[in-house]
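I have placed the structure first, in the form of structure tokens, so that the comments after it can refer back to it.
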Amino acid sequence: MESFNIPSILVFDQVQDIRGNLCFLENSINFPLKINNVSWVTDFKDFNTVNGYTYSSNKEIIINLTGICELSIKDSLSNITNYILNKPNTGIFIPFGYRRSIKNLSSDNLLIIISDKSY
């Protein structure tokens, strides 16, 4: 498994056929963390920003399955990098020590958050 120390865009392989596209995740095969927790967030009706967290030891991958949103990641020097999440086969890897916020959410967003820590 490749080691990642900075936020990175991940593009997952797709199997395409006439019925649709299939993406899959496998530990240590196509992304840089061991899956210990998977959660999803949906129904963003009353707000369009989710102020994030800075984890001291947690690594995450965030995938937007439907809709479009903006992910802002701030490092320890307060440098901010913005990513647009609008494809279900693309995710953002966030190593520990980075603060994340999700902005410009719509009511149809479905976010999958994969973590290497159990909650």
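Multiply the residue separation of Thr54 and Val11 by 0.36 nm, subtract the distance between their alpha-carbon atoms, and state the gained length in nm to one decimal. Let's see the in-between values first.
Values: separation 43, 0.36 × 43 = 15.48 nm, distance 2.37 nm.
Computed gain between Thr54 and Val11 is 13.1 nm.
With a Förster radius of 22 Å, plug the Cβ-Cβ distance of Ser101 and Leu22 into 1/(1 + (r/R0)^6) and report the FRET value to the nearest 0.05.
Values: r = 31 Å, r/R0 = 1.39.
My answer for the efficiency is 0.10.
When each of the peptides 76-86, 61-71 is scored by the mean number of other C-beta atoms lying within 10 Å of its residues, the order from highest to lowest reads 61-71, 76-86.
When Lys59, Lys74 are sorted by how many other C-beta atoms sit within 10 angstrom of their C-beta, beginning with the fewest, the order is Lys74, Lys59.
Mind putting a number on the dipole of segment 8-115 about its Cα centre? Charges go on the C-beta only, +1 for Lys and Arg and -1 for Asp and Glu, and I need it in Debye to the nearest 20. If you can, show how the numbers build up before the last one.
Numbers: 9 positive and 9 negative charges, 49 e Å.
Roughly 240 debye, rounded to the nearest 20.
The numbers here are math on the coordinates, done by the rules we state, and not lab data. Since the model is a prediction, treat every value here as computed from it, not as a measurement. Cβ: placed from backbone, ideal geometry, glycine included. Neighbour counts: every protein chain shown.
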